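One structure below.
Just so it is clear, none of the values below were taken in a lab; they were calculated from the coordinates. These numbers were taken from a predicted model, which means no experiment stands behind them. So basically every Cβ, Gly included, is an ideal-geometry build from the backbone, and we count neighbours across all protein chains shown.
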Amino acid sequence: MTRLLYALSALSVAVLAACLAALQLPATGTAVPADSASPLNQAPLGSSTLAGLLAGHGYRVALGGVDTVAALAKETRVVYIVVGPDKPFTEDEASVLGRLVRIGKVSLLLADELGVVNSLAGALGTGRVAGGMPTADGSPVVELECMGRRLLSTKVSQVVGAGPEARVLCTGPGGEPVAVLTRHGDGLVLLVADSSMFTNILLGGAPPFAPTAGTVLDLVGELAGPGTAVVLDTAHYSYAEKPGPGSIALLPMEAVLALTVLLHTLASKHPLLAVVALPLLAAWAAIVLLEREEAVHG
């Protein structure tokens, strides 16, 4: 009987130790900030509506980053759309995209008024985003003219240094270039110094703003027609890790080891107590893990 109690207590300690160790694993879910322009953000300032808009007009839409673009480009032409990123492109990413654009496998639409995409646009020599758009009353609202359409947008900048062969597709109230189409080898780069027109709130229209969906479709149509693969960038945004329930406190690994040793010592001296108490503690740890999984995955 004593041997059985020792075996059960040792098993209980092992189960509890495994559960406690599992609590060290980071949460795998991500939370999208409400002010992010990411296509994963369904809030007004996100661009999740863009995927449905393009898919509804015959484009084959995927989410991802440079790796996704490179993989698809092996089979078909790709339009890579980046809207209001907050992380710049690395030199390696710019090199990969530059090669794919030059050989005509990929075209780029970079929409950004803050200049984050300049790390990529500058490497391609297709101009850069600079400065804000001056307005008469100091308002962030700017009237644009895009390919025969007039629309209102907010926090618009302008494109500079695009070169004489570039086509200006959108202009500000003073004729400032806002959307500029440039050829890079056999591919195209459309640099738009405004991400707002691609966001959920403006695509659908919200007074006093008219819907920008038609203008966005016109701009994408300059790069490719329906049936083309489109990748909406999700790799150049800052995401927060989804927190677990408030009842969960992650223990340092040192504390887990110390607690396990303490419980093992207790079990060796009082096996009957361990058989009763340790399974309860192990069950508690397992419940905590299930709660966290539910919190992370919804």
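Other residues whose C-beta falls under 14 angstrom from the C-beta of Thr76 contribute a net charge of +3, scoring Lys and Arg +1 and Asp and Glu -1.
Any idea how far the Cα center of the stretch 115-174 sits from the one of the stretch 41-113, in Å? Rounded to whole Å, the Cα centres lie 19 Å apart.
For Arg60, nonlocal amide neighbours, meaning residues 5 or more places apart or on other chains whose placed amide H falls under 5 Å from its own, are Gly227, Thr228, Ala229, Val230.
Computed from label points 7 Å out along Cα-Cβ, the spacing between Arg60 and Thr76 is 0.2 nm. DSSP beta bridges fully contained in the stretch 30-241 are about 55 percent antiparallel. Each label point was placed 7 Å from the Cα along the Cα-to-Cβ direction; for Leu114 and Arg99 their separation is 3.0 nm.
From the Cα trace of the stretch 42-92, what convex hull volume per residue do you get, rounded to a whole Å³? Please list the in-between numbers first.
On the way: hull volume 4.6 nm³, N = 51.
In the stretch 42-92, the Cα hull volume divided by residue count equals 89 Å³.
Taking 0.36 nm per residue of sequence separation and removing the Cα-Cα distance, the Ala34/Val168 pair yields an extension gain of 45.1 nm. Ellipsoid fit via the Cα gyration tensor, the stretch 30-241: semi-axes of 24, 20, 17 Å, each the root of five times an eigenvalue, largest first.
Treat the stretch 48-130 as a sphere of radius equal to its Kirkwood radius over Cα pairs and apply Stokes-Einstein at 20 °C in a medium of 1.002 mPa s; give the translational diffusion coefficient in µm²/s, rounded to a whole number. Display every interim value, and only then the final one.
Values: Rh = 13.4 Å.
In µm²/s, the coefficient is 160.
Taking a Cβ cut-off of under 11 Å around Ala111, the surrounding Lys, Arg, Asp and Glu residues balance to a net charge of -4, with basic ones at +1 and acidic ones at -1.
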